There are 2 protein chains.
Amino acid sequence: MSSDSTAPSQQVSEWLSKFGAALDRPEASVAAEMFEEAGLWRDLVSFTWNIKTLEGREAIEAMLKATLPEIRPHAWRIAGEATSENGTIAGWFTFETASSRGKGHVRLRDGRCWTLLTTMTELKGFEEKKGATRISGTQHGVFKNRQSWLERKTQEEAELGYKTQPYCVIIGGGQGGIGLAARLRRLDVPTIVIERHDRPGDSWRKRYKSLCLHDPVWYDHLPYLPFPDHWPVFSPKDKIGDWLEMYVKVMELNFWHATECRSARYDAAAEEWAVTVEREGQTVVLRPKQLVLATGMSGMPHVPTIPGADRFLGAQHHSSRHSGADEYGGKKCVVLGANNSAHDICAALWEQGADVTMIQRSSTHVVKSDSLMDLVLGPLYSESALKAGITTDIADLTFASVPYKLLHTLHIPIYEEIAKRDAEFYERLRQAGFLLDFGDDGSGLFMKYLRRGSGYYINVGASELIADGRIKLRSGVNIERILEDAVVLTDGTTLPADVLVYATGYGSMNGWAAKLISQEVADQVGKCWGLGSGTTKDPGPWEGELRNMWKPTRQAALWFHGGNLHQSRHYSQFLALQIKARMEGLSTPVYGPSEVRHLR
Amino acid sequence: MSSDSTAPSQQVSEWLSKFGAALDRPEASVAAEMFEEAGLWRDLVSFTWNIKTLEGREAIEAMLKATLPEIRPHAWRIAGEATSENGTIAGWFTFETASSRGKGHVRLRDGRCWTLLTTMTELKGFEEKKGATRISGTQHGVFKNRQSWLERKTQEEAELGYKTQPYCVIIGGGQGGIGLAARLRRLDVPTIVIERHDRPGDSWRKRYKSLCLHDPVWYDHLPYLPFPDHWPVFSPKDKIGDWLEMYVKVMELNFWHATECRSARYDAAAEEWAVTVEREGQTVVLRPKQLVLATGMSGMPHVPTIPGADRFLGAQHHSSRHSGADEYGGKKCVVLGANNSAHDICAALWEQGADVTMIQRSSTHVVKSDSLMDLVLGPLYSESALKAGITTDIADLTFASVPYKLLHTLHIPIYEEIAKRDAEFYERLRQAGFLLDFGDDGSGLFMKYLRRGSGYYINVGASELIADGRIKLRSGVNIERILEDAVVLTDGTTLPADVLVYATGYGSMNGWAAKLISQEVADQVGKCWGLGSGTTKDPGPWEGELRNMWKPTRQAALWFHGGNLHQSRHYSQFLALQIKARMEGLSTPVYGPSEVRHLR
């Protein structure tokens, strides 16, 4: 078969047909030979019951040998028309395994597979009831002592966690926990979400006043219920809070608000958790089979220990506790840190008339919001993408179809373009002494986000304040010690301070496992997030996927869920299917669990 | 041009082109000649600033002569492909007027127009901000004393109705008022919704426990925010209540709950209303320019005056006050009426173990829910319609494209089919003494709904109870008088009764005008609803459209809004555009206001 002479769709169809036949026999080595030598196969649950990228023919063949007998993939069918661009043929397809249906994407070069994506969409026999299979809502006919919807719901709320046990408990009721709970509800997995705040959405509402989402609306939809088409591009925090609160209600989630999780212990013999929570002044012990920590990537504040902090007479708090600038007009404010929150907080303080100094300890990647929208997200998540037929589902799968191994190579040229387009902007920042970077390899924001979850600011205005000196900047220094009314920097200078904000980021999510379960379990599981890229704050070796996210961990029945709204939306699908499969007693052999190489 | 030799799309394009040219010159008579002699043109606001069907060439020509100079229609363009079926060519199109853009539908027979629909979709220069023109949500840049979204919203809520006046007040916060308010919000028309209940959705929650929507989910979407695809086919009342409550919140409506409207007076000189309401124990006088009564077709209970009612020792109430069967197990219950509510209430009482008798005064049209879904609504509102590409928008416009003059002719054969399909079911009902009809002309449920808003039951189970005698039936009689513990029927028999429910329907919506404004204004406006078909409870002469609904009335600045969820959704679009046009001071010459011929 030749890439020149045959139509793209036919090439994809032929490749799928041959590939399907090889898997069917099964001949793992023949199938692996259909990949390029360094071909990449990203599997989201379908084959591996894991989130796994197989890199190179050898890894692909090994995976197939291990999984084919039980997974029994078949029914590979092209979906829609394939396309051809610069010698790469790309196409969508559907397929089945013994227990599931899936969607996939393939890129072919010279007849061989460069990248393959396989994703699980539903479990056979346990499909979501939607569309034509939705429930009736009323039972036509007449029945003595019929229960109304409200009576059933009220009974469920009264009994779940007391008379009956949830199969799954999710700690954390932000967008992550909520979206996952909605998927589990649609899959009929009894679930309780534990949230310490009073209302769904409070984790947004309680943050600093000026906060808006930095990602645009097309990227931010929750599962099942997209925002209406007038929704602002950048949702203000209280508006997204209201949306989450509404979502919890209409999706009928069992959401235990104002409830604090005290501890969780796994009983390996009983194969269940004992999760102790405080609800309405009462201690309740829940006994779920599965426990999800959805406490947020930004859930575990990291506050540096600085000598003298206890003597400081002004206000000091971590950025996560900073509720806004209202009280600080006219005050001398020092903000330690130079990432998103630091910038937002500095700008709001300046708008309120405070005297603001940002302490930048190390370089930061800055990208203008417009450039990010136009060049990075726009092709998949924008009004023009929608017009071009790229629905949220297609965008998510397209995004997922690029293995992390390749992703930086796609981003480097985009950020080179951004650096040119916004050269004047970056120059002004440099002139002001701001330490800039584009990531160790110039791959920009999203790679930094994946590798270390920090180190960047999406500029919506604060950079201009820094460039023209309205926000004062001290860069390349840290706070050495704190006095009663000032901070002393590592360069020996002293800055008077009435207010000190630690915009110093967050620890790895396994810190929550340490806090709620035990240090032993946290260490057993290891660090969450990061790819092992060997770049700053992302030590190797290379992992190929985010550590511990949405996939089995080294602690049985413990899962981590989080990330931005896009990731929460898309990856909750795979986490929910893994949990549902276990509830239904399906065989879920996990292929290639990761080694634990870093503890935090 | 010939219907045989030319492709449908080309025929429609040619017709539109010739029609557009005639309107452009303008030559009303030439344009009218392009219709069949009895051709029908249904206009929703675009030409007439009214909701109006012109019946026959003469009426069409007269309308064109009156409206063309100002309306200046142009840019007629076919949209999508036209179709051909049984000699009728049908196609969609878009067009513009001087002040608006619109969508339309045309049916051609032998080259002439049989039916034409023109609908206004947006006002030029006052388009809804959506999709690519949606607001940013955050103002990038930095601004001293910036207001957050929450602060702006809180300020608006505090000031609207007090420091500033709404342009529009809607009395009634059911699905009608809420959907209209959402449209007005998107059009930036300051609006307050007045609702006497404590929470949005309470008008559903407070009804009898077993109530579910009788219409299926595809028919019931609110504007802008469709139900997610797992939503039950028939929404339980409390679930729809929660949805409405959520909708009010996320659409940012100014919803004054627990607020009672006391009176409304129009000041013709000032061209504004004084609407007196009680809110949180305070009397507030609102001064809007426009007043909408969205109190519901079923808002004004009709309770017959029966001698002895004041002596009855048991519970007696109108069906609208009936909260459910829970207290009535084992009781002797008499339900007066034989329409939807009567059937639902009887069934729930029987399920609760009550002894139930239904009093059927006159014949009822009964149709099985399944048959209604399959044969009547299914072609436009169902999962299979969606699969065939019939979105809610297309379904609504298709539904609207059949002038009321013709609608019964489409429905008669459908109900003939239903009568055959369910013959055995109807026979069992007749055997039980139930008085059945299919409407005066056999056109069934929806025509009864349009003509009189009553006289039918969508069977979801109660008919079976009647057929086998578990619900006792007394038909062809009425209650003559009421004793302390029984009712005496017009046939002289006495029925012991502990509970008496008046499922006796509702009065015309202009009863609300009488109650809130004055009898004089109610009479000036006349009866709402009904087509003037000359059938039972719908006295002629023929009106062509529903009386007073969603269009200018004989009282300046007074509007009526209501109907089922489908009508509320679709016709709120036209009402909202009429109100917006007035707010912006556009010229809105109303063509052909109706005569008032019936007072209630």
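The values are calculated or read from the model by the stated rules, or taken from the named source; none is laboratory data. Since this is a predicted model, take the numbers as computed values, not measurements. For neighbour counting, all protein chains shown are included, and Cβ atoms are generated from backbone atoms with ideal geometry for every residue, glycine included. All accessible areas refer to the heavy atoms of the entire protein, side chains included, with ligands and DNA or RNA removed. Shrake-Rupley method; radii C 1.70, N 1.55, O 1.52, S 1.80 Å.
Quick look at the numbers
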read-out: Subset of region B:147-165 (residues that are open to solvent by less than 60 Å² (accessible area, probe 1.4 Å) and within 7 Å of chain A (Cβ to nearest Cβ)); value: B:SER148, B:TRP149
read-out: Criterion violated by B:ALA268 - all others in (1) open to solvent by less than 40 Å² (accessible area, probe 1.4 Å); (2) out of contact with any strand residue (DSSP E or B) (no Cβ under 9 Å at 6 or more places or on another chain); (3) farther than 20 Å from B:SER568 by Cα satisfied; value: (1)
read-out: Search result, residues across region A:544-593 that are part of a loop (DSSP other than H, G, I, E, B), crowded, with 20+ Cβ neighbours inside 10 Å and of a type in the set (D, E, K, R); value: A:GLU545, A:ARG547, A:LYS551
read-out: Residue pairs meeting the criteria (Cβ under 7 Å; at least 6 apart or on separate chains; first of a type in the set (A, V, I, L, M, F, W, C), in region B:301-313; second surrounded by 14 or more Cβ atoms within 10 Å (Cβ to Cβ) and assigned to a loop (DSSP other than H, G, I, E, B)); value: B:VAL303/B:THR504; B:LEU313/B:ASP485
read-out: Residue tally, condition touching a residue at least 40 places away in the same chain (Cβ under 8 Å), β-branched (Val, Ile, Thr) and open to solvent by less than 50 Å² (accessible area, probe 1.4 Å), over region B:78-120; value: 6
read-out: Number of the condition not met by B:VAL303 [criteria: (1) surrounded by fewer than 19 Cβ atoms within 10 Å (Cβ to Cβ); (2) at pLDDT 95 or above; (3) among the β-branched types (Val, Ile, Thr); (4) part of a loop (DSSP other than H, G, I, E, B)]; value: (2)
read-out: Checklist (1) within 13 Å of another protein chain (Cβ to nearest Cβ); (2) under 23 Å from A:TRP512 (Cβ atoms); (3) open to solvent by less than 30 Å² (accessible area, probe 1.4 Å) applied to A:VAL193, failing item; value: (1)
read-out: Selection from region A:374-411 of residues that are surrounded by fewer than 20 Cβ atoms within 10 Å (Cβ to Cβ) and within 13 Å of chain B (Cβ to nearest Cβ); value: A:GLY378, A:GLU383, A:SER384, A:ALA385, A:LEU386, A:LYS387, A:ALA388, A:ASP393
read-out: Strands (runs of 3 or more DSSP E) (entirely within region A:473-532) containing at least 2 residues that are open to solvent by 50 Å² or more (accessible area, probe 1.4 Å); value: A:479-482, A:494-496
read-out: Enumerated strands (runs of 3 or more DSSP E) restricted to region B:68-168, each holding at least 1 residues that are among the small types (Gly, Ala, Ser); value: B:74-85, B:88-96, B:100-109
read-out: Test for A:ALA38: is it assigned to a strand (DSSP E or B) and under 23 Å from A:THR121 (Cβ atoms); value: no
read-out: Close pairs from region A:385-410: first of a type outside the set (Lys, Arg), partner assigned to a helix (DSSP H, G or I) and at pLDDT 95 or above, Cβ under 6 Å, at least 6 apart; value: A:ASP396/A:HIS570; A:HIS408/A:MET447
read-out: Strands (runs of 3 or more DSSP E) fully within region B:313-402 counting 2 or more residues that are of a type in the set (A, V, I, L, M); value: B:332-336, B:355-360, B:365-368
read-out: Residues satisfying the stated conditions in region A:34-60, i.e. free of Cβ contacts under 8 Å to residues at least 40 places away in the same chain and open to solvent by 50 Å² or more (accessible area, probe 1.4 Å); value: A:GLU37, A:ALA38, A:GLU58
read-out: Test for A:SER210: is it within 14 Å of chain B (Cβ to nearest Cβ), in contact with a Ser or Thr (Cβ under 7 Å, 6 or more places away or on another chain), open to solvent by less than 50 Å² (accessible area, probe 1.4 Å) and free of Cβ contacts under 8 Å to residues at least 12 places away in the same chain; value: no
read-out: From the options B:ALA342, B:ALA347, residue that is more than 14 Å from chain A (Cβ to nearest Cβ) and crowded, with 24+ Cβ neighbours inside 10 Å; value: B:ALA342
read-out: Test: residue in region A:277-292 that is modelled with pLDDT under 95, farther than 30 Å from A:PRO496 by Cβ and over 22 Å from the mean Cα position of the chain (by Cα); value: yes
read-out: Scan of region B:308-335 for residues that are aromatic (Phe, Trp, Tyr) and within 15 Å of B:ILE359 (Cβ to Cβ), ordered by number; value: B:PHE312
read-out: Any hit, region A:125-142, residues being within 30 Å of A:GLY20 (Cα to Cα), surrounded by 15 or more Cβ atoms within 10 Å (Cβ to Cβ) and not acidic (Asp, Glu); value: yes
read-out: Which listed residue is closer than 25 Å to B:ILE579 by Cβ, among the acidic types (Asp, Glu) and modelled with pLDDT of 95 or more, from B:GLU58, B:GLU96, B:GLU81; value: B:GLU96
read-out: The one condition in (1) more than 14 Å from chain A (Cβ to nearest Cβ); (2) crowded, with 20+ Cβ neighbours inside 10 Å; (3) of a type in the set (Ser, Thr, Tyr) that B:TYR457 fails to fulfil; value: (1)
read-out: Test: B:LYS65 is among the basic types (Lys, Arg) and within 14 Å of another protein chain (Cβ to nearest Cβ); value: no
read-out: Scan of region A:424-461 for residues that are closer than 20 Å to A:PRO413 by Cβ and hydroxyl-bearing (Ser, Thr, Tyr), ordered by number; value: A:TYR426, A:SER443, A:TYR449, A:TYR456
read-out: Residue match in region B:17-33 (condition: open to solvent by 10 Å² or more (accessible area, probe 1.4 Å), closer than 19 Å to B:THR88 by Cβ, among the small types (Gly, Ala, Ser) and at pLDDT 95 or above); value: no
read-out: Given (1) under 30 Å from A:GLU122 (Cα atoms); (2) of a type in the set (A, V, I, L, M, F, W, C); (3) facing chain B (nearest Cβ under 10 Å); (4) touching a Ser or Thr at 6+ places or on another chain (Cβ under 7 Å), number of the condition A:ALA182 does not satisfy; value: (4)
read-out: In region B:223-265, residue farthest from B:TYR208 (Cα to Cα) [restricted to those that are among the aliphatic types (A, V, I, L, M) and either facing chain A (nearest Cβ under 7 Å) or open to solvent by less than 10 Å² (accessible area, probe 1.4 Å) (or both)]; value: B:ALA264
